[in-house]
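The values are calculated or read from the model by the stated rules, or taken from the named source; none is laboratory data. Bear in mind that the values here come from a model prediction, so they are computed numbers and not experimental data. Cβ placement follows ideal geometry from the backbone for every residue including glycine, while neighbour counts extend to all protein chains displayed. To get the accessible areas, we keep the full protein, side chains included, count just its heavy atoms, and leave off ligands, DNA and RNA. Shrake-Rupley method; radii C 1.70, N 1.55, O 1.52, S 1.80 Å.
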Amino acid sequence: MGKSRVRRFRAAPFSPTGTVPRRDEDGGEDGDSEEEEPAAELLQKLQHPSAEVREFACATVSRLLQQQHVIPAFLQRDVVRCLGPMLLDHSLAVRETAAGALRNLSACGGFEVCDDMVTQDIMTPLVALLKECSAGLDANLLSPKKCREMNKNYAEDIANEAVNLLWNVCECNNTAVSIFNKEGCLEAVLHCMKKFSTNVDLAISVANCLQAVTEDNPDLLASFNASAQQVLETVMLCPESTMKHILLRTLIAGTIWNIKETIPPGSLGSMVNAILKIFSESLAIDAGETIIRMNEAEKSRLKLAAEAETEENMSDVTDNCAISEDDGMEEISEGKVEREGDVSDLLPVDKRELEEVTALLMAQQTALEIIVNMCCSEDPSDDEWEEFSSSDESDLFMENSYSEGSGLLMSPLCLSAEVHSAFLNNLIPKKILEKTAFLNSVALDICMHNPSWKPLIKKLNTVQCRALTCLHSILLVSDVECLGGASALQSLAQHLSQLVFSKAELPEDTEFLEAITSALRALLQTMASKNISQCMTPEQLLALCEAGIHSSNASVRVNVVSILGISGSVLAKVQDTAETVKMIGKFLLEVAMKESSLVVAGEALDALFDVFADGKEAEKAAVQMKLLPALKEIQPIFKMRIQKEGKGQYSTEQLCVLDNVKMNLRRFIAYQETLDKNPT
């Protein structure tokens with residue numbers, strides 16, 4: 001659907017098990033691999049007359065499909081066509097396990113597998129199942145007594161698996177989205193959403209799916225009538241304060257932002273403020289403190305559970321001693337039967353506290369990603385937002401915000417009209433800045449030494465990177481006054497510098513490097529445009545650029561080259577900086593000559609033009625480093641590279657930029673020749 005951010009697959013719901021494929025002596029996989037035989041056998045069992053056998057086969061396939069190396073063996077045997085009919089099996093248990101298997105296939109298989117699933121018409125049985133589940137939510141598929149005994153609601157559990165599968169394929173495939181539109185799936189998933197008060201996990205699955213299908217999907221907007229909007233509004237206003245409910249509200253807020261064109265003009269202002277209030281609620285929570293608190297709660301719960309189990313075992317021993325020998329034999333026999341039917345050891349371990357922290361981090365990541373999109377939105381007309389900007393509620397928030405202080409963290413941002421005052425009202429910039437900081441050491445230590453909590457570190461890093469990207473977007477669309485003036489920008493520069501240089505070694509993580517260099521680039525450009533002195537020393541800048549230029553990510557390399565160009569152009573106008581300017585110039589010249597990416601090489605040349613465009617120090621440095629002969633040597637090579645590498649490797653937009661660089665290079669050489677003939 002043309003999303004502006006990179007689409008990501010969610011991790012499988014639990015860790016894969018089983019062995020990795022055997023490798024033969026030549027290093028390849030065994031010809032008759034261990035996966036192919038069970039694949040054939042398991043898929044054959046899907047046709048077995050016994051529902052229990054079919055359920056077992058689906059559950060085993062579901063487990064195996066979480067291992068990416070196993071997926072090709074199943075695809076070769078038409079696993080999609082085999083599992084598809086199982087979605088409408090007479091057995092509810094088979095439906096659930098089949099939907100779970102297809103969900104794992106879509107999540108672990110990637111874009112191509114999802115495309116293949118749609119091509120093989122998985123949407124037909126999936127849509128039919130979804131509609132049956134929606135209707136079944138209000139019906140008793142099992143007697144209430146039986147449901148209580150099994151502690152299970154089949155309609156809701158099947159719906160949860162089906163919605164997750166639908167989410168995955170719609171996220172990857174436009175045809176799936178078109179089918180969602182035409183088959184009226186919105187009504188079915190909204191009906192599932194109504195269960196949010198009793199089944200928040202199902203509601204979260206629906207909210208994730210809705211956010212995916214509503215993004216850049218104008219054909220669906222007409223389906224969001226007043227009744228549909230009422231469902232979303234009800235969820236947004238739910239008062240529950242658990243992290244899962246915060247995630248749910250955040251996802252629904254994102255969906256409402258996607259369908260904002262359906263909101264009446266008179267309600268737009270309150271809608272935007274409500275959305276940002278939800279984001280503010282999410283971002284206000286300290287993830288580090290939450291990890292510490294939830295970890296303590298988990299320890300206390302497990303301790304109490306262990307004590308209760310010990311007491312229960314002691315009670316059982318006492319009871320067994322008190323009964324007669326015959327009664328004892330009978331009770332032992334009954335107990336044996338109960339244990340044989342007990343599957344509790346096969347169920348996932350209760351990780352409720354970990355799930356809460358995970359939900360919080362997903363909520364924060366989602367909020368930050370949507371804020372980035374809000375910053376990039378086109379401005380509506382002033383008339384549309386007249387009601388918003390003049391509302392009493394907005395004025396009240398303004399007073400409260402300014403009473404807490406002024407500067408970058410409290411000032412309104414020059415964003416699109418709908419978020420102008422609302423950003424200030426909800427203190428969004430302050431909370432974004434807080435999320436750019438590193439995790440506190442106590443929380444990090446908990447995650448490092450607890451295997452089940454260790455995956456949180458990656459999620460925490462992702463939130464930090466999204467916050468830096470948010471900061472970058474805000475800097476791009478705001479002017480200096482709205483950002484709080486020169487002092488606020490200098491403080492921000494010091495904060496970003498600390499993130500880079502606070503540790504003994506410079507960061508190497510690619511995602512973090514891209515985010516931090518993007519934010520620094522935007523900040524330094526803003527400061528340079530207003531002649532605000534920069535806080536990073538030339539040595540720090542060069543150290544950062546030395547680290548960044550070796551990154552495998554071209555965006556990081558483009559950013560560091562641009563950062564040097566911005567800083568160099570400022571230094572070139574300062575007295576006695578020729579030596580530093582020369583160092584910067586040599587660095588950029590080397591990148592322009594040796595860089596494998598034409599885009600990065602072009603950016604390096606652009607940066608050189610900026611650094612040596614004006615100033616006596618720049619002229620002095622250019623002569624000392626023999627800039628003119630070096631550029632004349634680069635010119636034909638750069639031109640030839642564009643002709644040879646340009647077609648097929650770069651987009652039309654990139655080729656236009658490169659062509660512009662080539663033309664500017666010719667002009668800059670002519671300019672340098674003039675200076676050479678007429679030295680000052």
_Index of the failed condition, residue 119 passing every other in (1) at pLDDT below 95; (2) under 23 Å from residue 174 (Cβ atoms); (3) among the polar types (S, T, N, Q)_ = (1)
_Residues of region 81-103 satisfying the condition of being touching a Pro at 6+ places or on another chain (Cβ under 8 Å) and open to solvent by less than 30 Å² (accessible area, probe 1.4 Å)_ = 84, 87
*Give 677, 647 a once-over and let me know the one that is open to solvent by 80 Å² or more (accessible area, probe 1.4 Å), charged (D, E, K, R) and farther than 28 Å from residue 617 by Cβ.*
647
*Being over 20 Å from residue 564 (Cβ atoms) and at pLDDT 90 or above is the filter here, so list the residues in region 499-525 that pass it.*
511
*For region 587-607, state whether one or more residues are at positive phi and outside any helix (DSSP H, G or I).*
no
*asked:* Just the residues that are β-branched (Val, Ile, Thr) and either closer than 21 Å to residue 516 by Cα or open to solvent by 80 Å² or more (accessible area, probe 1.4 Å) (or both), please, taken from region 434-448.
replied: 436, 442
*Filter region 424-473 down to the residues that are more than 17 Å from residue 292 (Cβ to Cβ) and among the polar types (S, T, N, Q), then identify the one that is nearest to the chain's Cα centre (by Cα).*
462
*Taking into account only those residues within region 482-521 that are under 27 Å from the mean Cα position of the chain (by Cα) and among the small types (Gly, Ala, Ser), which is most open to solvent (accessible area, probe 1.4 Å)?*
502
*small (Gly, Ala, Ser) and farther than 16 Å from residue 195 by Cβ, is that true of residue 212?*
yes
*May I ask you to say which residue of 592, 621 is in contact (Cβ under 8 Å) with a residue 40 or more places away in the chain, crowded, with 20+ Cβ neighbours inside 10 Å and farther than 20 Å from residue 539 by Cα?*
592
*Enumeration of residues in region 246-271 that are among the charged types (D, E, K, R) and open to solvent by less than 30 Å² (accessible area, probe 1.4 Å)*: 249
*more than 15 Å from residue 526 (Cβ to Cβ) and modelled with pLDDT of 90 or more, is that true of residue 458?*
yes
*How about region 193-249: which of its residues are among the acidic types (Asp, Glu) and touching a Phe, Trp or Tyr at 6+ places or on another chain (Cβ under 8 Å)?*
none
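Matching residues to (1) surrounded by fewer than 18 Cβ atoms within 10 Å (Cβ to Cβ); (2) at pLDDT 95 or above; (3) out of contact with any strand residue (DSSP E or B) (no Cβ under 7 Å at 6 or more places or on another chain); (4) in a helix (DSSP H, G or I):
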residue	(1), (2), (3), (4)
190	no, yes, yes, yes
198	yes, no, yes, no
204	no, yes, yes, yes
210	no, yes, yes, yes
213	no, yes, yes, yes
216	yes, no, yes, no
233	yes, no, yes, yes
244	no, yes, yes, yes
*Here are some conditions: (1) farther than 22 Å from residue 520 by Cα; (2) modelled with pLDDT under 90. Residue 442 meets all but one. Which one does it not meet?*
(2)
*Could you say whether any residue in region 552-564 is without any contact (Cβ under 8 Å) to a residue 60 or more places away in the chain, surrounded by fewer than 21 Cβ atoms within 10 Å (Cβ to Cβ), assigned to a loop (DSSP other than H, G, I, E, B) and not basic (Lys, Arg)?*
yes
*region 107-126, residues that are open to solvent by 10 Å² or more (accessible area, probe 1.4 Å) and in a helix (DSSP H, G or I)*: 107, 108, 109, 111, 112, 113, 115, 116, 118, 119, 124, 125
*Does residue 163 satisfy the criteria of being crowded, with 23+ Cβ neighbours inside 10 Å and in the same structural domain as residue 106 (by the TED database)?*
yes
*Go through region 275-286 and give me each residue that's surrounded by fewer than 20 Cβ atoms within 10 Å (Cβ to Cβ) and hydrophobic (A, V, I, L, M, F, W, C).*
284, 285
